1. Got at least one residue in the range 97-105 being buried (at least 16 other Cβ atoms within 10 Å of the Cβ), closer than 18 Å to E169 by Cβ and out of contact with any His (no Cβ under 9 Å at 6 or more places or on another chain)?
2. Hey, can you tell me all the residues within the range 156-168 that are of a type outside the set (K, R) and crowded, with 18+ Cβ neighbours inside 10 Å?
3. Under the condition of being touching a helix residue (DSSP H, G or I) at 6+ places or on another chain (Cβ under 8 Å), of a type in the set (S, T, N, Q) and part of a loop (DSSP other than H, G, I, E, B), which residue from the range 60-96 is surrounded by the fewest Cβ atoms within 10 Å (Cβ to Cβ)?
4. Look through the range 169-208, keep the residues that are farther than 21 Å from S93 by Cβ, surrounded by fewer than 13 Cβ atoms within 10 Å (Cβ to Cβ) and of a type in the set (G, A, S), and return whichever of them is farthest from the chain's Cα centre (by Cα).
5. Pick out the one residue from Q9, Q41 that is in contact with a Ser or Thr (Cβ under 9 Å, 6 or more places away or on another chain) and modelled with pLDDT under 95.
6. Determine which member of the set S57, S65 is touching a residue at least 24 places away in the same chain (Cβ under 8 Å), polar (S, T, N, Q) and closer than 22 Å to M131 by Cβ.
7. Inside the range 125-155, can you point out the residues that are part of a loop (DSSP other than H, G, I, E, B) and surrounded by fewer than 17 Cβ atoms within 10 Å (Cβ to Cβ)?
8. Assuming S65 fulfils every condition listed in (1) under 11 Å from the mean Cα position of the chain (by Cα); (2) modelled with pLDDT under 95 apart from one, which condition is it?
Amino acid sequence: MKAHTKETQAAMTPEKALQALKDGNQRFQQNKKANRDLLQQVKETKDGQYPFATVLSCIDSRVSSELIFDQGMGDIFSIRIAGNFVNQDILGSMEFACKLAGTKLVLVLGHTSCGAVKGACDHARLGNLTMLINKIEPAVYETKEPKDESLRNSKNLAFVDAVAVKNVELAIENIRGQSVVLKEMEDNGEIQIVGGMYDIADGKVHFL
């Protein structure tokens, strides 16, 4: 499988880009990786890159977008930060990726048993991590169930995962609300902005 070119990127639609990620994740789950010569792809991309998707995911060592979607060199822009939230720098990176570099899809990818989300559920405070946790805590407050305060913490993994889903949804809302560029591109059908949750137990991505 060769690296994407300007022509193959141009032929991608948002729908095809999403399907490519779904197909790649299915290959990953079945341990049937596409046949790639990564060093050859290094050579093919030395003069330019034409990714088809932009993925915002967590820094969790188990959630590498290139691996779980079975993608090669030059296929995706991968943005990683603990808790997969958006800020001004990340929005600028997404705008570059979509408007200037031509990607057709923005995927915000959360995952089960997320440590950053657990920290937000417990309202952890530690150095610079405190400011990061503060950005995830709105998802905790927006997750209404369970109401029993004794169950609204990191020991309740069902609650943690519900908060992680809400965190993805809020990130998508923030992308649309804080980036005129990306909102306009989505409204014009040039890109799609979607969410997903990666299950660390079986390797499957559930698209929201």
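The values are calculated or read from the model by the stated rules, or taken from the named source; none is laboratory data. Just so it is clear, the structure is predicted and the values come from calculations on it, not from any experiment. A quick note on method: Cβ atoms are made from the backbone with ideal geometry, for glycine too, and the neighbour counts reach across all protein chains shown.
1. There is at least one residue in the range 97-105 that is buried (at least 16 other Cβ atoms within 10 Å of the Cβ), closer than 18 Å to E169 by Cβ and out of contact with any His (no Cβ under 9 Å at 6 or more places or on another chain).
2. Matches in the range 156-168: F159, V160, D161, A162, V163, A164, V165, N167, V168.
3. By that ranking, first place goes to N87.
4. G189
5. Q9
6. Result: S57 is the single residue among S57, S65 that is touching a residue at least 24 places away in the same chain (Cβ under 8 Å), polar (S, T, N, Q) and closer than 22 Å to M131 by Cβ.
7. R125, L126, G127, N128, K144, E145, P146, K147, D148, N153, K155, listed by residue number.
8. Status for S65: all satisfied but (2).
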